[in-house]
Ligand code: FAD
């Protein structure tokens, strides 16, 4: 069985800056593995514990320094890692990102299970996993909290719905998106030996030529979405008024404070 875990390297919180085109400026800023992707990797490792014949492949699209998260994935237990990297992939929206990841998944020969984080902590659209599932015409289980693969090679997963947990069974091949837990307590940490071995294990790098994608299909050129403006919404000032407890005084006080121009006679209207 093969499990592909899609991993996005994000900038460390507090170090995020945008250029004039609202693209993230990554140069010189330390990165980290998106927390939900780490959870997706943890799930893949649990499945590998149950089914030791499982191969885990960590897959990412991004610049060369995304290697850092891929080496970390191998130190944590991924068997190998592939980075889809080229200048042509820069500026990708979710559609172009999904298209490139799909091409990478197909070049890998597909997988029984493709796992994603439910959303990336930076752009936070939550669209990439569902887009990949749609493009590959595979069933998808979103917002998974845990899952196993049963003897009939079906994914049995729990997913978080508003105030409950749903259990879903789906035949493989399938796509799952995994939610990050509130705390990282359950993460396991790689040993020093595993870190050393992973640093010596090369990451396979593929560009658009390897993936047989035309430059206009990927990156900025293949992205119909344009982020026009990023801003913090204005804080609306709210006022709290305490009315007197006695009903008549409360009504009088309320009437005093209502905007002028409200006709309170029967059938009256609000005159602006
Ligand atoms: P999500 O869909 O939130 O990520 C879900 C999961 O998909 C991740 O946890 C990971 O498992 C996987 N994944 C995502 N990216 C990669 C990757 N590069 N390699 C491997 N796995 C990956 N694009 C839009 O189309 N619409 C927008 O509204 C939009 N808004 C943006 C706003 C800002 C401020 C910025 C900086 C970018 C925005 N983008 C937007 C671009 C967006 O960052 C990219 O398309 C990005 O590659 C994927 O979107 P996401 O981070 O929201 O991923």
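Laboratory data are not the source of any read-out in this text; all were calculated from the coordinates shown. Every value quoted in this text rests on a predicted model; they were computed, and no experiment measured them. For neighbour counting, all protein chains shown are included, and Cβ atoms are generated from backbone atoms with ideal geometry for every residue, glycine included.
Straightening the chain between residue 169 and residue 24 buys 48.4 nm, computed as 0.36 nm per residue apart minus the Cα-Cα spacing. Quick check on segment 85-235: take the gyration tensor over C-alpha atoms, sort the square-rooted eigenvalues as a ≥ b ≥ c, and tell me if it's rounded (a/c under 1.5), prolate or oblate. Rounded is the answer for segment 85-235, as its axis ratio a/c remains below 1.5. Each of residue 221 and residue 79 was given a label point 7 Å from its Cα along the Cα-to-Cβ line. The distance between the two points is 3.6 nm. Separation of segment 51-91 and segment 159-235, taken as the distance between their Cα centroids, equals 10 angstrom. When peptides 59-67, 97-105, 117-125 are sorted by average Cβ neighbour count within 10 Å, with the highest value leading, the order is 97-105, 59-67, 117-125.
Rounded to 0.05, the FRET efficiency of the residue 107 and residue 235 pair, given R0 = 35 Å and the Cβ-Cβ distance, is 0.15.
Residues considered: 42, 166, 152. Largest GNM mean-square fluctuation over the chain, using C-alpha springs under 10 Å, is found at 152. Rounded, prolate or oblate: which fits segment 1-131 when a ≥ b ≥ c are the square roots of the eigenvalues of the alpha-carbon gyration tensor, with rounded for a/c under 1.5 and prolate only if a/b beats b/c? Cα axes put segment 1-131 in the prolate bin.
Residues of segment 19-46 falling in the label zone of residue 148, defined by backbone nitrogen less than 14 Å from a point 7 Å along Cα to beta-carbon, are 46. Computed on the chain, the Cα convex hull volume stands at 230 Å³ per residue. Over the chain, dividing the summed -39,500 (n - 2.57) contributions of all DSSP H runs of at least 4 residues by the number of residues returns a 222 nm mean residue ellipticity of -7500 deg cm²/dmol.
Subtracting the Cα-Cα distance of residue 249 and residue 200 from 0.36 nm times their residue separation leaves 9.8 nm of extension gain. Considering only 158, 51, 240, the mean-square fluctuation computed in a Gaussian network model of the chain, springs between alpha carbons under 10 angstrom, is largest for 240. Under a 10 Å cutoff between Cα atoms, tell me which one of 162, 208, 256 has the largest fluctuation in the Gaussian network model of the chain. Greatest mean-square fluctuation among the candidates belongs to 256. The distance from the alpha carbon centre of segment 118-151 to that of segment 16-37 is 22 Å, rounded to a whole number.
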